[in-house]
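The values are calculated or read from the model by the stated rules, or taken from the named source; none is laboratory data. Remember, it's a predicted structure, so these values are computed and weren't measured experimentally. Note that we place each Cβ from the backbone using ideal geometry, even for glycine, and neighbour counts take in every protein chain shown.
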Amino acid sequence: MLIRSFRLGDYAFITRIWEETGLEQTETETLDALARQLAWDSDLVMIAEYEGQVAGVIVGTIDGTRGYFYRLAVDPKLQGHGLGRKLVEALEKRFRQRGVTRVFIMVNQDNKKVLPFYSSLGYDIKEYITLSKKIDPESEVG
C-alpha cells in the first residue's frame, strides 16, 4: 500500500471510486471542485494505491487552524484493508505540519454506516446544523 499526492492521471480512477461509493455529484461539479482544490493546495488531495492501482482518495482543505476533509472513498472491493484509515492518518500528518489543531468532517445524515469507522479514528460526533444553498456564479442579487 502506498499513500501519495494526487496526480492528474488519477482523475478517472477517483471519479469511478466516487461513483461506486455514491459520492459522485455531476461530473462538472466534481471536476470544478477538484480543480479549485488542486489549484489551492494539491498536497491535500491524497491517493491510496493498492497493488499498483488507485484504490482510494481523500480531499482536505485548511481554514486557519482548522482542517477539513471530505470525499474519502475507497474502492468497494478493497474496503476493510485499512486504506481509508491510512488516508486519514496521512492527511492528518499533513495538517499537523501546517499548524492545524482541529479536524472536522461532515457526514451526510443518510450515511450513518461510516460513523463507527470515524469513531475508531478518534472522531467525536458533534451536533451541528448545516445549511446549504446552491448559487449560480453567473447571476447577481440586486
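I'd like to know if the stretch 116-132 contains one or more residues that are under 18 Å from Glu20 (Cα atoms) and among the charged types (D, E, K, R). Checked the stretch 116-132: no residue is under 18 Å from Glu20 (Cα atoms) and among the charged types (D, E, K, R). Across the stretch 78-97, the qualifying residues are those that are basic (Lys, Arg) and in contact with a helix residue (DSSP H, G or I) (Cβ under 9 Å, 6 or more places away or on another chain), and the one among them that is nearest to Arg16 (Cα to Cα) is Arg85. Please work out if Ala12 is more than 11 Å from the chain's Cα centre (by Cα), part of a helix (DSSP H, G or I) and modelled with pLDDT under 95. Yes.
Let's see how each residue does on (1) among the polar types (S, T, N, Q); (2) within 26 Å of Leu8 (Cα to Cα); (3) modelled with pLDDT under 85:
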residue	(1), (2), (3)
Phe69	no, yes, no
Gln79	yes, yes, no
Lys113	no, no, yes
Ser132	yes, no, yes
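The set of residues in the stretch 61-97 that are in contact with a strand residue (DSSP E or B) (Cβ under 6 Å, 6 or more places away or on another chain), free of Cβ contacts under 8 Å to residues at least 60 places away in the same chain and among the charged types (D, E, K, R) comprises Arg66, Arg71, Asp75. Within the stretch 97-111, one or more residues are surrounded by 15 or more Cβ atoms within 10 Å (Cβ to Cβ), under 21 Å from Leu44 (Cα atoms) and modelled with pLDDT of 90 or more.
The set of residues in the stretch 51-60 that are small (Gly, Ala, Ser) and in contact (Cβ under 8 Å) with a residue 12 or more places away in the chain comprises Ala55, Gly56, Gly60.
Out of all the residues in the stretch 45-66, is one or more under 15 Å from the mean Cα position of the chain (by Cα), modelled with pLDDT of 90 or more and in a helix (DSSP H, G or I)? No.
Based on this model, can you work out whether Lys134 counts as among the charged types (D, E, K, R) and either in contact with a Lys or Arg (Cβ under 8 Å, 6 or more places away or on another chain) or in a helix (DSSP H, G or I) (or both)? Here the answer is no, as Lys134 does not meet what is asked.
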